[in-house]
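Q: Sharing a structure with you now.
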């Protein structure tokens with residue numbers, strides 16, 4: 001007996017939907033696995049370069065021996081020479097990319113409505129160069145590289161699967177979030193970043209895809225890097241004084257973050273190009289090497305100073321010196337044409353600023369650990385500078401594995417910081 005035509009059409013639709021769901025699921029899983037593998041390999045490359053350049057912990061590519069300890073143990077002449085080498089590599093590398101490569105397409109542009117294609121070769125070279133220079137001591141962050149690799153992989157897989165444009169853009173964002181999750185072991189943070197920072201929308205299907213890709217990427221990275229906590233912090237008590245300080249200091253972090261974004265934005269806008277790029281790059285990084293003779297903590301993306309701040313091992317004088325130095329070398333490197341992220345630099349700057357503000361507060365309300373100020377300030381500054389409050393809160397919580405109750409002062413500071421930052425943006429918006 002022949003099947004009725006309506007039933008046949010229904011069966012075809014069901015099979016078509018099942019096939020589409022299977023294909024999407026396969027792409028999501030492969031994106032997570034690929035981002036995890038990419039993040040692992042980039043982290044191994046970073047460790048290998050750091051260990052070779054500064055002569056420490058060369059027995060394992062997955063060693064988590066402190067970069068700050070390795071740099072501090074290296075001779076002062078070695079620091080200068082390595083940073084001079086960094087200047088040569090950065091200058092010539094990015095000059096070659098801009099001269100011979102296809103125009104770069106950032107992740108935010110790739111997920112826009114226009115959805116331009118990220119050039120594979122240029123993007124991979126761009127990511128590798130960031131990892132190499134950060135490994136040699138560049139003060140910029142390493143998080144953009146794994147995000148670019150994850151986004152590139154998600155875009156390639158979605159094109160091969162012939163997914164619709166909206167799903168294609170979502171896979172690019174989720175691939176980027178998965179790359180972040182892999183290198184920092186932040187599965188929830190990677191997913192929230194993809195939704196809040198890139199897609200700027202929320203839906204349950206998008207959330208499920210983002211969570212799945214980030215969780216898979218983080219789990220894959222455990223195989224090579226281990227399930228490591230980024231920052232080990234002591235037990236920090238929650239006090240009324242810290243809560244009041246968080247409310248009062250939050251707006252100050254928002255104001256400072258607005259200035260930081262303006263400075264770094266202008267530095268990038270006026271970044272050296274052409275023959276000036278390798279020249280300024282060599283000068284910039286050699287000067288950073290000279291600064292590192294006296295302040296080795298200034299080298300790298302800022303994880304060292306942030307960890308010292310969370311541990312409460314910085315004096316107010318050293319915190320002030322590192323804060324000024326970190327601002328100068330970050331903006332100087334961007335102005336010289338170097339590329340890299342600002343997540344960890346912003347985290348470090350927020351922690352250093354918080355130690356100074358907390359030290360002043362302790363004169364009126366003593367007994368609060370400086371590390372408590374540092375964690376709250378790092379989250380508040382990061383939230384305002386990235387314009388991603390939820391992502392910043394989740395990242396700091398996963399970075400440090402703080403107690404649940406500690407989220408209260410963090411949220412209070414983040415709210416004040418983001419509100420003042422947005423107010424500054426509105427007041428300084430050009431009038432039409």
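The values are calculated or read from the model by the stated rules, or taken from the named source; none is laboratory data. Please read these numbers as outputs of a predicted model, since none were measured by experiment. With ideal geometry, Cβ positions are generated from the backbone for all residues, glycine too; neighbour counts draw on all protein chains shown.
Q: Given the condition in contact with a strand residue (DSSP E or B) (Cβ under 9 Å, 6 or more places away or on another chain) and either outside any helix (DSSP H, G or I) or under 21 Å from residue 249 (Cα atoms) (or both), answer yes or no: does some residue in segment 410-417 qualify? Walk me through how you get there before you give the answer.
A: Our first condition is that a residue be in contact with a strand residue (DSSP E or B) (Cβ under 9 Å, 6 or more places away or on another chain); within segment 410-417, this holds for none.
No, segment 410-417 has no match at all.
Q: Just to check your reading of the model, which residue among 273, 266 is closer than 30 Å to residue 336 by Cβ, at pLDDT below 95 and either assigned by TED's automatic domain parsing to the domain that holds residue 353 or not in a helix (DSSP H, G or I) (or both)?
A: Exactly one of 273, 266 is closer than 30 Å to residue 336 by Cβ, at pLDDT below 95 and either assigned by TED's automatic domain parsing to the domain that holds residue 353 or not in a helix (DSSP H, G or I) (or both), namely 273.
Yes or no, residue by residue, for (1) surrounded by 15 or more Cβ atoms within 10 Å (Cβ to Cβ); (2) closer than 24 Å to residue 379 by Cβ; (3) at pLDDT below 90; (4) outside the structural domain of residue 409 (by TED's automatic domain parsing):
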{"site": "201", "(1), (2), (3), (4)": "no, yes, yes, yes"}
{"site": "206", "(1), (2), (3), (4)": "yes, no, no, yes"}
{"site": "210", "(1), (2), (3), (4)": "yes, yes, no, yes"}
{"site": "215", "(1), (2), (3), (4)": "yes, yes, no, yes"}
{"site": "218", "(1), (2), (3), (4)": "yes, yes, no, yes"}
{"site": "221", "(1), (2), (3), (4)": "yes, yes, no, yes"}
{"site": "231", "(1), (2), (3), (4)": "yes, yes, no, yes"}
{"site": "246", "(1), (2), (3), (4)": "yes, yes, no, no"}
{"site": "249", "(1), (2), (3), (4)": "yes, yes, no, no"}
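Q: Taking segment 383-415, which residues are over 21 Å from residue 303 (Cβ atoms) and surrounded by fewer than 23 Cβ atoms within 10 Å (Cβ to Cβ)?
A: Correct list: 387, 389, 390, 403, 404, 405, 407, 408, 411, 412, 415.
Q: Here's something else I'd like to know. Which condition number does residue 401 fail, the rest of (1) free of Cβ contacts under 8 Å to residues at least 60 places away in the same chain; (2) out of contact with any helix residue (DSSP H, G or I) (no Cβ under 7 Å at 6 or more places or on another chain) being met?
A: Condition not satisfied by residue 401: (1).
Okay, residues lined up against (1) in the same structural domain as residue 87 (by TED's automatic domain parsing); (2) closer than 12 Å to residue 352 by Cβ; (3) in a loop (DSSP other than H, G, I, E, B):
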residue	(1), (2), (3)
291	no, no, no
297	no, yes, no
301	no, no, yes
309	no, yes, no
313	no, no, yes
321	no, yes, no
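Q: OK, next. Given 359, 350, which one is assigned to a helix (DSSP H, G or I) and surrounded by fewer than 24 Cβ atoms within 10 Å (Cβ to Cβ)?
A: Numbers: 350 fails: surrounded by fewer than 24 Cβ atoms within 10 Å (Cβ to Cβ).
Of the residues listed, the single one that is assigned to a helix (DSSP H, G or I) and surrounded by fewer than 24 Cβ atoms within 10 Å (Cβ to Cβ) is 359.
Q: Further question: Determine whether residue 139 is free of Cβ contacts under 8 Å to residues at least 60 places away in the same chain and either farther than 21 Å from residue 40 by Cβ or not assigned by TED's automatic domain parsing to the domain that holds residue 299 (or both).
A: Values: free of Cβ contacts under 8 Å to residues at least 60 places away in the same chain: no; either farther than 21 Å from residue 40 by Cβ or not assigned by TED's automatic domain parsing to the domain that holds residue 299 (or both): yes.
So residue 139 does not fit the description; no.
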